[in-house]
Every structure is written in C-alpha cells, then in structure tokens.
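What follows is a single structure, written as structure tokens, with notes after it.
The values are calculated or read from the model by the stated rules, or taken from the named source; none is laboratory data. Just so we're clear, the structure is a prediction, and the values are computed from it rather than from any experiment. Glycine gets a Cβ as well: all are built from the backbone with ideal geometry, and neighbour counts include every protein chain shown.
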C-alpha cells in the first residue's frame, strides 16, 4: 500500500473513531414497540427481535440498552449474531490503545466492525448501520423506538 493510501486510510479510521467517541443518540423515531423484558437480556447479552420487516438486535451493554439493525451493509449478514468486543485505536506499530470496550459488534461473515451505540462502521468514515432508541418502562419492559 502506498504511503498516501495508508495516510488516507488512517484519516478515515480517525473519523470513524471521532464519530464513535461523540456517541450521538439514535435518530428520533415515534413508534414504540415492546420487545421483551429487561430481565431477559443480562448485561453482555442480546436479543434479536423482528418488528415488521426489520430485524433488530437489542444489546445490554454496561452503558444500558442499545438497539442496532441486524443487517450488515457489506453483504447482508445477520450482523447481530456476530461477536461483541472492544478494539484498538490506530497508532504506530506495536502501540495498542484500547478503545470502545464491550461495544464493538463484528460481523460474523467478513469481520466488518460497528459501534453498537452509534451504528458507526469502524472501517471507513461513511459506513453506518441504523440504531434505535431503547427505553425501559416502569414495568421493566424493553421498548424500541422505530
């Protein structure tokens, strides 16, 4: 890879991490759908639900409940069946700076990575998957806003 392409790739990754760091909330949606109870999804767990034509993964992270579309934009894999882990920020060789612990979802087919909280793809500056707000009502029900 040429130095110019490597530099461009590094800038794209920096942009991806900047978006993940900002952790913008999901786009406002108005329809509330009860998808289960909080006790069905322990911390570190997930539940995949079908709402009309949408398949959505509801994840219980240390920061709370988050929902992301169960569709990888690369080749259509069921994204939410992938592994959840952290990652490292780009940096010099042999220098590892941990980032986004427990909130990176890796596609089970080809390894594309997405931040569960923001939906931002960590492979370039434009990639993204839809995210959905999750609320918990007084009865302990999980409500996804679609």
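Under the condition of being assigned to a helix (DSSP H, G or I) and either modelled with pLDDT of 75 or more or on the phi > 0 side of the Ramachandran plot (or both), which residue from the range 21-52 is surrounded by the fewest Cβ atoms within 10 Å (Cβ to Cβ)? My answer is 39. Scan the range 85-105 residue by residue and report those that are under 11 Å from the mean Cα position of the chain (by Cα) and crowded, with 17+ Cβ neighbours inside 10 Å. Within the range 85-105, 100, 103, 104, 105 meet the criteria. Listed by first and then second residue, the pairs linking a residue in the range 110-137 that is on the phi > 0 side of the Ramachandran plot to a residue that is surrounded by fewer than 23 Cβ atoms within 10 Å (Cβ to Cβ) and at pLDDT below 95, with Cβ atoms under 9 Å apart and 6 or more places separating them unless they lie on different chains, are 119/26; 119/128.
When the range 92-139 is filtered for residues that are within 22 Å of residue 63 (Cβ to Cβ), part of a loop (DSSP other than H, G, I, E, B) and in contact with a helix residue (DSSP H, G or I) (Cβ under 7 Å, 6 or more places away or on another chain), the ones remaining, listed by number, are 107, 118, 122, 129.
Taken across the range 85-93, residues that are within 27 Å of residue 52 (Cβ to Cβ) and touching a strand residue (DSSP E or B) at 6+ places or on another chain (Cβ under 9 Å) do not occur at all. Of all residues in the range 67-82, those satisfying the criterion of being assigned to a strand (DSSP E or B) and surrounded by 24 or more Cβ atoms within 10 Å (Cβ to Cβ) are 67, 68.
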